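Accompanying notes for the structure given below.
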Amino acid sequence: MEPVDKFEKLKQWYEKKAQVEAKAKPLIEAEMDLRKEVVALFFPESKEGTNTLALQNGWKLKYIKKLDYQIQRDILDEVKDELFALNAPLDEIIKYKPFLSTSAYKTLRQLNPQGCDLLDTALVIKLSSPTLELVQKKAPK
């Protein structure tokens, strides 16, 4: 196996990354603008969920309309008692998803390794895609 010039490989990556960024962003933005126009033209009276329109020759145009629901915790806390009084099944409507605080997890690893080992049995830990950045030296002031 031939030795790899790691700085040449770094240069190749950096140049390719710059090319992708220069070309991708305008294309992604243009595609999104066109997608929104097509949706407005073909589905002016859409409903949340899947909307389907039959086209020619057996083709169909399918638009999935999604709404982003976000809970405002401070307001929810204010109206929670009223909702319970109105028999609104909050425990069925609002689900709380466990979230791991990595800083607290790392502290637990140091302070209580046995407890952390037990917690590890409930976790799936895998390597994410690498993040790589080439940082230019700052000019002296």
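Computed quantities for the displayed model
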item	result
Every pair of residues 6+ apart whose Cβ atoms lie under 6 Å, when the first sits in segment 94-115 and is under 30 Å from residue 84 (Cβ atoms) while the second is modelled with pLDDT of 95 or more and in a helix (DSSP H, G or I)	none
Test set (1) within 20 Å of the chain's Cα centre (by Cα); (2) closer than 30 Å to residue 32 by Cα - residue 101 fails condition number	(2)
Count - residues of segment 56-70 that are exposed (fewer than 10 other Cβ atoms within 10 Å of the Cβ) and among the hydrophobic types (A, V, I, L, M, F, W, C)	2
Residue 119 outside any loop (DSSP other than H, G, I, E, B), surrounded by 10 or more Cβ atoms within 10 Å (Cβ to Cβ) and among the hydrophobic types (A, V, I, L, M, F, W, C)	yes
Any hit, segment 42-50, residues being in a helix (DSSP H, G or I), free of Cβ contacts under 8 Å to residues at least 40 places away in the same chain and surrounded by fewer than 10 Cβ atoms within 10 Å (Cβ to Cβ)	no
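Yes or no, residue by residue, for (1) part of a helix (DSSP H, G or I); (2) modelled with pLDDT under 95; (3) of a type in the set (A, V, I, L, M, F, W, C); (4) touching an Asp or Glu at 6+ places or on another chain (Cβ under 7 Å):
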site: 27; (1), (2), (3), (4): yes, yes, yes, no
site: 38; (1), (2), (3), (4): yes, no, yes, no
site: 57; (1), (2), (3), (4): yes, yes, no, no
site: 99; (1), (2), (3), (4): no, yes, yes, no
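The values are calculated or read from the model by the stated rules, or taken from the named source; none is laboratory data. Note that the structure is predicted; figures quoted are calculated from it, not measured. Heads up, the Cβs are rebuilt from the backbone with ideal geometry, glycines too, and the neighbour counts pull from every protein chain shown.
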